[in-house]
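What follows is a set of notes on a single structure, which appears directly below.
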Amino acid sequence: MQTDKLDNYLRTYRKKLGLTQREVAFLLRCHGGAKVSRYERSGRIPDLKTIFAYEVIFQKPARELFAGIYDRAERETLRKVRQLVSRLRKRQESPSWLGRLLTSGPWSKAERMNCATRRSRTDDGNTLPGFARPRD
């Protein structure tokens, strides 16, 4: 069962450290706490430099700080990977990078198992290599 995550957990981690929005703004080189408030309420997505600064401040990776955004990006990217695999199979093409994409890097065994529990078939009904459903 998929649980909905907040877009970000900036406020949670700020409160755990006992920092005010103004103090975090100072660390981020912002003027006042208004921008920090917008980040926390998802009214604004911080730029990459600010995201890295948040990682340093809270000692947590961006994928945890922005868990909801990360989950959506992961789902959308996996959907696009499945679509690409399906298109390439229909054209009977298998570029060398496709095997590497599906078997290495972020597609570690644990990640493939995680993906397999979500959906292991392409749009045309084929099972993705390395994405077979785990047996019970």
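Ranked by Cβ crowding within 10 angstrom, fewest neighbours first, how are Glu76, Glu40 ordered?
Lowest count first: Glu76, Glu40.
How compact is segment 1-40 by the rule of thumb for globular proteins, expressed as Cα Rg over 2.2 N^0.38 Å?
1.33
Starting from the amide H of Asn8, placed 1.01 Å from N in the peptide plane, find each other amide H under 5 Å away whose residue is 5 or more places distant or on another chain.
Sorted by chain and number, the residues that satisfy this are Gly68.
Treat the count of other C-beta atoms within 10 Å as a stand-in for reagent exposure and order Tyr39, Tyr9 from fewest to most.
Tyr9, Tyr39
Per-residue HN-Hα couplings for segment 67-82, Karplus 6.51 cos²θ - 1.76 cosθ + 1.60 at θ = phi - 60°, whole Hz, x for Gly and Pro?
Values per residue, Gly and Pro as x: 4, x, 5, 4, 4, 5, 4, 5, 4, 5, 5, 4, 4, 5, 4, 4 Hz.
Bear in mind these aren't lab numbers, they're just calculated from the coordinates by the rules spelled out. Keep in mind the model is a prediction, meaning the values are calculated, not measured. Cβ sites come from the backbone with ideal geometry, for glycine too, and all protein chains shown count toward neighbours.
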